[in-house]
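Every read-out reported here was derived from the displayed coordinates using simple, explicitly stated rules and does not represent laboratory data. On a predicted model such as this, the values are computed, not experimentally measured, just so you know. Ideal geometry is used to build each Cβ from the backbone, glycine not excepted, and the neighbour counts take in all protein chains shown.
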Amino acid sequence: MARAVREVRETNPLAPSITNTVTQSFVANAQLAVGGSAAMVYLPDEGECVAALGGAVYINLGTLMPVYEQTVPATARACAAAATPWVLDPVGVGIGSLRTRLIEAVRENPPTILRGNASEIIAVADLWGLGGNSVDGASGDGPRGVDSTDSVDAAERAAVACARFTGGAVAVSGATDLVTDGVQVARLSGGSSLMTCITGSGCSLGGVCAVYACVADPFVAALTATAAYNLAGLRAAETCDGPGSFQVAFLNALYNLTTEEVTEAPLALTSTSAA
C-alpha cells in the first residue's frame, strides 16, 4: 500500500473513465487529489483507445446512454487484449434491461476490480451464475435504485465468489467496508455518514481504485483506495458544517493524506474457507 501511494504521486498515472455523467467532476477531482490523472470518454473507439494506453480504466454504469451497449463490451474486450486492468461499478444493477445485458456481457472479459454496495455485488454474482442470492442474510430484493438493501456481511460470500471468478478483487462499500481477493478478506472502518449525503462518493472511489490499479495488484489497489477514503471521510467530517463543505473538505483531506497515514489505517484481515 505504501508503494502504491508513493508510485502514484511520483508517476501521475492516467486512469480514464467511462462514468456517471452526474459525478464526472467529482471522479476526476478525486483521481487528481491522490496523484493520478483523469480523462472522461464514452464512445466505443475511445474506450478501445484508452484501454490500449496501459494504466487502468474505470467503467461506471450510473447514467447509461444507448451507445454504451457498444462501448462497455468493446472496452472490456480491449482491456483483456491489452492486459489493462479495469474497474467496474455496477451502479443500479437491475434498473432496466440494458444494465443487465452489459453486466452479463462483460462476464467474458471480467473486471480486475469490482466495486459496489452489498446489494449490487450480490446481484452481479447472481447474474454471473455465482450464487449471489443464496447468501445467508441477503434480502434478495436487489439494490433500491443506487442504494443497498443488504448489509456488507450478507455480501461476503458473493464478493468472494466474484473475486475467485475474476481472479481480481472485489470491494464492498458500507458502514464497514469489505475488500477481498477470494483468498483474503479485509474489513476497514472509518469514513463518515456525510458520504451518503453527497453524490459520487462511491463513484469516485471506483475511479481512485483505477488510479491505484495502474501501479499495484487489484487487492492492494482496492485496499489502498478504501483506506484513503475512510481516512479522508473522517477528517472532512471534523471540519465541515454540512454536505456542501464536506465535499470540499473531503477532496482536501484526500490530497493531504500522507503515505504513512494510509498504510496505518486500521483493517482486520482474515482468510476465506477453501472453495
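What to note about this one:
- Charge-dipole axis of the chain as Lys and Arg at +1 and Asp and Glu at -1 on Cβ define it, positive-most pick from Leu88, Leu231, Val50: Val50
- Ordering Ile59, Ile18, Ile122 by the number of other Cβ atoms within 10 Å of each residue's own Cβ, fewest first, gives Ile18, Ile59, Ile122.
- Cut-off under 5 Å, modelled amide H: who pairs with Met40 long-range: Ser17
- Karplus-based coupling profile of region 217-225, in residue order and whole Hz: 5, x, 5, 5, 4, 5, 5, 5, 4, with θ = phi - 60° in 6.51 cos²θ - 1.76 cosθ + 1.60 and x standing for Gly or Pro.
- Value of [θ]222 nm, deg cm²/dmol, for the chain, DSSP H segments ≥ 4, -39500 (n - 2.57) each, nearest 500: -14500 deg cm²/dmol
- Dipole magnitude for the chain: computed about the Cα centre from +1 point charges on Lys and Arg Cβ and -1 point charges on Asp and Glu Cβ, it is near 200 debye.
- Considering only the chain, percent of DSSP beta bridges that pair antiparallel, nearest 5: 45 percent
- Legend: calculated FRET efficiency, Ala81 to Asn252, from the Cβ-Cβ distance at R0 = 35 Å, rounded to 0.05, equals 0.35.
- Sorted from longest to shortest, the spans of the Cα atoms of the chain along the three principal axes equal 43, 42, 34 Å.
- For the chain, averaging the sequence separation of C-alpha pairs within contact (under 8 Å, six or more residues apart) and dividing by the residue count gives a relative contact order of 20 percent.
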